[in-house]
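Participant: Pasting in a structure now, in C-alpha cells, and then I'll have a few things to ask.
The values are calculated or read from the model by the stated rules, or taken from the named source; none is laboratory data. For clarity, every value in this text was computed on a predicted model and none was experimentally measured. Positions of Cβ are backbone-derived with ideal geometry, glycine not excepted, and every protein chain shown enters the neighbour counts.
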Amino acid sequence: MDVPVLVEVTRGPEVESRHRGEMVVVDGTGNLRHHLGDPESLVCMRSLAKPFQALPLLTTGAAAAFGFGPEELALFCGSLSGQDFQVKLVEGILARIGLTAQALHCGSHPPLHRPSAQALVQAGEKPTALHHTCAGKHAAMLALCVHQEFPLEDYLNPEHPVQRLIVDAVAKMVGLPPERIPVAVDGCGAPVFYVPLRHIALGFARLAGAAAGSPAAVLRDACLANPRHIAGDGRLETVIMEALPGRVVAKTGAEGGFALALVKEGLGVAVKIEDGSSRPLNPTIVHLLEELELLTPEAQEALAPYHQPPILNHRQQEVGRIKAVFSLTG
C-alpha cells in the first residue's frame, strides 16, 4: 500500500519537499473511523507507550503507597522538557522512594526547553539525568521496583520483573498478547515496543473511554489536569491540551509518532511520519484536529503558529510554508 503524502513544503510558488505518513482513527472497540495508509503498519511506539507504561503504578498499589497524586502521575506519562518545575518534581518523587538521581539509568541531555538549557549553560552547570525527557518514566519504574521489592540495578533489562509488568500493561491496552509485541531499546535505554498503528490508536481510544475510577481513567484525568507535565511550555502536546481543556490527551513519540485520546468522542488517533522527521508533525496534527472538527475558535488561535509554519531564510524573510495537504474524507 502506498504511503500518502501528508505534508508539502513550499519554497516560493512550488513544492520543494514532501513528507509521507500514515494515520488511524479508531473507537474503543477498534473499529476504523478514518485511516490514511496501512492501519496495520508496524510502528515503534517510543514515548507513545508512556501512559500505558505508567499503569502498573496504579494496579500494584504503588501510587497509593507513595502518595502519588495527579501531578506525579501525569509526569510519569510525559516526555519532559527539563524545565525547573519538572526537575523538582522528579527529585521529590525520588526522595519519596528513598533514592537520588544516581538511580536513574536514562543518561542525560540538555533540556528540550531552550531557555532552561541556556540557563544551565549560563550557570556553568551540566545537564543531569533529571533533565532527561524520560526522567519521569524512569522514576516511575524505580518506584515500582521499590514498592514490589524488585532489584534496582538492572531495572532496564527486558526480563526484569518490572519490565514484565510494563509489557503486560502495554499489551492489554493495545489489544495484543505480549508475545506478539517485538521489543527493542529506546533512546533512554528502556525497552520499547513495536505495535501496528491501529493498535496504538486502540490503546488511546481505551484511554479516552476508560470507566471512571479505573486505573486508566485515573491516569487520563491526571494528564488532563496537568498538561505542562505531558511535554512542556511551547510544545504542541501541552498547547493542544491547554487549548482544548479536558478534551484531549496528546502524546508525542520520537521518529515522527503522535497519538491522541479524544475523551468526549471516545476515539483514539495514531500518526506516524514515514521518514521520522519532526518537521511535518505539528502541521499534520493541527490539520487533523481541524479535519475532525475539534477546534474551537480559541483553539484555532492558540494552534495557529503550529498549523502552517513559515520557512524563513537567514534574513528572517518568509520564503515558503509547511502545509498539511491530506483529507480524511477523500
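Participant: Mind checking which residues of the range 64-100 are in contact (Cβ under 8 Å) with a residue 24 or more places away in the chain, of a type in the set (A, V, I, L, M, F, W, C), farther than 19 Å from D186 by Cβ and touching a Leu at 6+ places or on another chain (Cβ under 9 Å)?
Facilitator: Listed by number, the residues that qualify are F66, F68, L73, A74, V87, L89, I93, L94, I97, L99.
Participant: Consider only pairs whose beta carbons are under 9 Å apart and that are at least six residues apart or on different chains; among these, list those whose first residue lies in the range 1-28 and is closer than 16 Å to E255 by Cβ and whose second residue is modelled with pLDDT under 95 and surrounded by fewer than 13 Cβ atoms within 10 Å (Cβ to Cβ).
Facilitator: As it stands, the answer is R20/D2; E22/M1, since those pairs meet every condition given.
Participant: May I pose another question? Output the residue which, of all residues in the range 304-320 that are within 23 Å of A250 (Cβ to Cβ) and in contact (Cβ under 8 Å) with a residue 24 or more places away in the chain, is nearest to the chain's Cα centre (by Cα).
Facilitator: Looking at residues that are within 23 Å of A250 (Cβ to Cβ) and in contact (Cβ under 8 Å) with a residue 24 or more places away in the chain, I get Y306.
Participant: Would you mind stating whether E301 is more than 20 Å from the chain's Cα centre (by Cα) and not in a helix (DSSP H, G or I)? Reasoning before the result, please.
Facilitator: Values: more than 20 Å from the chain's Cα centre (by Cα): yes; not in a helix (DSSP H, G or I): no.
Considered against the rule, which asks whether it is more than 20 Å from the chain's Cα centre (by Cα) and not in a helix (DSSP H, G or I), E301 comes out as no.
Participant: Now for a separate question. Within the range 301-309, can one find any residue that is closer than 30 Å to T29 by Cβ and surrounded by fewer than 18 Cβ atoms within 10 Å (Cβ to Cβ)?
Facilitator: As a first pass, look at the range 301-309 and keep what is closer than 30 Å to T29 by Cβ: 303.
Filter once more, so that each one left must be surrounded by fewer than 18 Cβ atoms within 10 Å (Cβ to Cβ): none.
Within the range 301-309, none of the residues are closer than 30 Å to T29 by Cβ and surrounded by fewer than 18 Cβ atoms within 10 Å (Cβ to Cβ).
Participant: If you go through the range 254-291 one residue at a time, how many are in contact (Cβ under 8 Å) with a residue 24 or more places away in the chain and within 20 Å of I322 (Cα to Cα)?
Facilitator: Quick first cut of the range 254-291, residues in contact (Cβ under 8 Å) with a residue 24 or more places away in the chain only: 254-263, 265-275, 277, 279-289, 291.
Now restrict to residues that are within 20 Å of I322 (Cα to Cα): 254-258, 271-275, 277, 279-289, 291.
Count: 23.
Participant: With a cut-off of at least 2 residues that are buried (at least 18 other Cβ atoms within 10 Å of the Cβ), within 15 Å of the chain's Cα centre (by Cα) and free of Cβ contacts under 8 Å to residues at least 40 places away in the same chain, name the helices (runs of 4 or more DSSP H) lying wholly within the range 174-253. Quick ask: steps written out before the conclusion?
Facilitator: Working: elements: 197-208, 215-225, 236-243.
Ranges flagged: 236-243.
Participant: A follow-up question, please. Could you go through the range 132-155 and let me know if any residue there is at pLDDT below 95 and surrounded by fewer than 19 Cβ atoms within 10 Å (Cβ to Cβ). Even if it seems obvious, please write down each step before you answer.
Facilitator: Let us first name the residues in the range 132-155 that are at pLDDT below 95, namely 153.
Subset that is surrounded by fewer than 19 Cβ atoms within 10 Å (Cβ to Cβ): 153.
For the range 132-155, residues at pLDDT below 95 and surrounded by fewer than 19 Cβ atoms within 10 Å (Cβ to Cβ): present.
Participant: Moving to a separate point now. I'd like the full set of residues that are hydrophobic (A, V, I, L, M, F, W, C), touching a Phe, Trp or Tyr at 6+ places or on another chain (Cβ under 8 Å) and part of a loop (DSSP other than H, G, I, E, B), limited to the range 78-112.
Facilitator: I97
Participant: Does T296 fit the bill of being modelled with pLDDT under 95 and either farther than 27 Å from C134 by Cβ or touching a helix residue (DSSP H, G or I) at 6+ places or on another chain (Cβ under 6 Å) (or both)?
Facilitator: So T296 fails the test.
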